[in-house]
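Structure first, then comments.
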Amino acid sequence: MDDLPNSIDTALRRRAAQVIPGGLWGHLDAARLPAGYPQFFRSAEGCRLTDVDGHTVIDFMCSWGPIVLGHRHPAVEAATARQAALGDAMNGPGEVLVELAEAMVALIPAAAWCLFEKNGTDATTACVTIARAGTGRRKILAARGSYHGAAPWCSPSLVGVTAEDRAHIIHYDYNDIASLENAVDRAGGDLAGILVAAFRHDLGRDQEMPTPAFARRLRELADQTGAALILDEVRTGFRLALGGSWEAMGIRPDLSAWSKAIANGHALAAVTGAERFREAASSIFTTGSFWCAAVPMAAALATLAELRRIDGPARMLAMGERLRAGLAAGAARHGLGIRQSGPPQMPLMLFEGDADFARGNAFCAAALRAGAYFHPKHNMFLSCAHGPAEIDEALRAAETGFAAAAAIG
């Protein structure tokens, strides 16, 4: 990528500004990224992304998480084509709905049942609603700073949100047992659910894996109070582990929210739950015009089958570790201090002493021009399409980024 403006991209941004409020929206707005990042894209294949001006880069955002096998994976595309030839949005679901629900319940040890939606916000909101329906209570505990969607009850923005929208949300600090216990005490006998992300992935700060003691205490408090333990797997699901991110710790949630990687880029979300909440899940009213669309469900079946076949989480873990080691070595060569945190499948790299993200922005902008799409503040994502050759190619682009970061005074 050269230093000239992205002419087609720039023209599209101007056109968008005339017909879309604010021009673009939310965290997908490239104006929030360093200069030179494209907003509009022409095509994608595997782990490579091509913008509308024809520049191709290795993609480490994977559409902000949904792409887990790689863009346009052949098995997924074949499955969606077969289903599309039969029908997609019909008067009711196709048989693929039952097949996918069966596959989810078989795959996830904590799941006795499954419901489908479209977006991660749909799934987390449904979990909260089911918890309240199943307990007859109102209060929901959530970690301070955690992102759980864009609905008024959980949106990171307070614009257009009333105090009443948040009236029954109580915050605690992630991995802080005393803070968690205090929040439970504040809820008293009105605690419906405790909502927690599979790991702490707040924007612009070091990520934190849950400590086993914290995870165990969450489960104990939910059991003691009769509240639902709700695990938000929207960002992590099927990338860290196929059966649930906390299964290895022996912690099974009562309700889980899934989306992003479930269908390799096709719009789908899901809620899974324990038997205890089956009746509550059947009693609430939650629906959408496109929630029963069959094509994304066919994509999900194919995605889960392929992830099982190749052990996708293990493959992404290995490539994430390769990337992490290469970034550490590159930073050291340029005399730069960096911090890498979170699981290797969802890496975050921050520069030491970079409170204003100047070094991070310089690194990402230069690496982008050299052929790798990194992010300066948000956790990134590996896919199964990232192989050793692609990781090494991206690390060569990162060398250009480190040189640019080192030049920052």
Yes/no for Gly65 being of a type outside the set (S, T, N, Q), surrounded by 21 or more Cβ atoms within 10 Å (Cβ to Cβ) and touching a Lys or Arg at 6+ places or on another chain (Cβ under 9 Å) = yes
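Please pick out the residue among Thr135, Thr121 that is among the polar types (S, T, N, Q), more than 23 Å from Gly265 (Cα to Cα) and either crowded, with 20+ Cβ neighbours inside 10 Å or touching a strand residue (DSSP E or B) at 6+ places or on another chain (Cβ under 9 Å) (or both). Before you say what the answer is, go through the steps one by one.
Details: Thr121 fails: more than 23 Å from Gly265 (Cα to Cα).
After applying the criteria, what remains is Thr135.
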Taking region 203-233 and keeping residues acidic (Asp, Glu) and surrounded by fewer than 18 Cβ atoms within 10 Å (Cβ to Cβ) leaves Asp206, Glu208, Glu220, Asp223
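Okay, residues lined up against (1) closer than 20 Å to Val128 by Cβ; (2) assigned to a loop (DSSP other than H, G, I, E, B); (3) aliphatic (A, V, I, L, M):
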position: Ala151; (1), (2), (3): yes, yes, yes
position: Val161; (1), (2), (3): yes, yes, yes
position: Leu180; (1), (2), (3): yes, no, yes
position: Ala183; (1), (2), (3): yes, no, yes
position: Gly189; (1), (2), (3): yes, no, no
position: Arg205; (1), (2), (3): no, yes, no
position: Arg216; (1), (2), (3): no, no, no
position: Ala222; (1), (2), (3): yes, no, yes
Filtering region 38-62 down to residues that are charged (D, E, K, R) and crowded, with 21+ Cβ neighbours inside 10 Å, which residue is farthest from Ala370 (Cα to Cα)?
-> Asp51
(1) buried (at least 20 other Cβ atoms within 10 Å of the Cβ); (2) among the β-branched types (Val, Ile, Thr); (3) in a helix (DSSP H, G or I): which one isn't true of Ile140, the others all being true?
-> (3)
Quick one: Ala81 ticks every box in (1) in contact (Cβ under 8 Å) with a residue 24 or more places away in the chain; (2) not assigned by TED's automatic domain parsing to the domain that holds Asn361 except a single one, so which number is it?
-> (1)
Criterion: in contact with a Ser or Thr (Cβ under 7 Å, 6 or more places away or on another chain), closer than 26 Å to Ala84 by Cβ, assigned to a helix (DSSP H, G or I) and of a type in the set (A, V, I, L, M, F, W, C) - qualifying residue of Ala302, Ala298 | Ala298
Taking region 331-347, which residues are crowded, with 22+ Cβ neighbours inside 10 Å and outside any loop (DSSP other than H, G, I, E, B)?
-> Ala331
Test set (1) at pLDDT 95 or above; (2) touching a Lys or Arg at 6+ places or on another chain (Cβ under 8 Å); (3) of a type outside the set (Lys, Arg) - Ala314 fails condition number = (2)
Examine region 42-53 for a residue that is modelled with pLDDT of 95 or more, assigned by TED's automatic domain parsing to the domain that holds Ala394 and closer than 22 Å to Ala269 by Cβ, and state whether such a residue exists.
-> yes
The lone condition Met380 fails out of (1) within 25 Å of the chain's Cα centre (by Cα); (2) under 24 Å from Asp51 (Cα atoms); (3) not in a loop (DSSP other than H, G, I, E, B) is (3)
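The values are calculated or read from the model by the stated rules, or taken from the named source; none is laboratory data. It should be emphasised that the depicted structure is a prediction, and the values quoted were computed from it without experimental measurement. Neighbour counts are summed over all protein chains in view; Cβ atoms, including those assigned to glycine, are modelled from backbone coordinates with ideal geometry.
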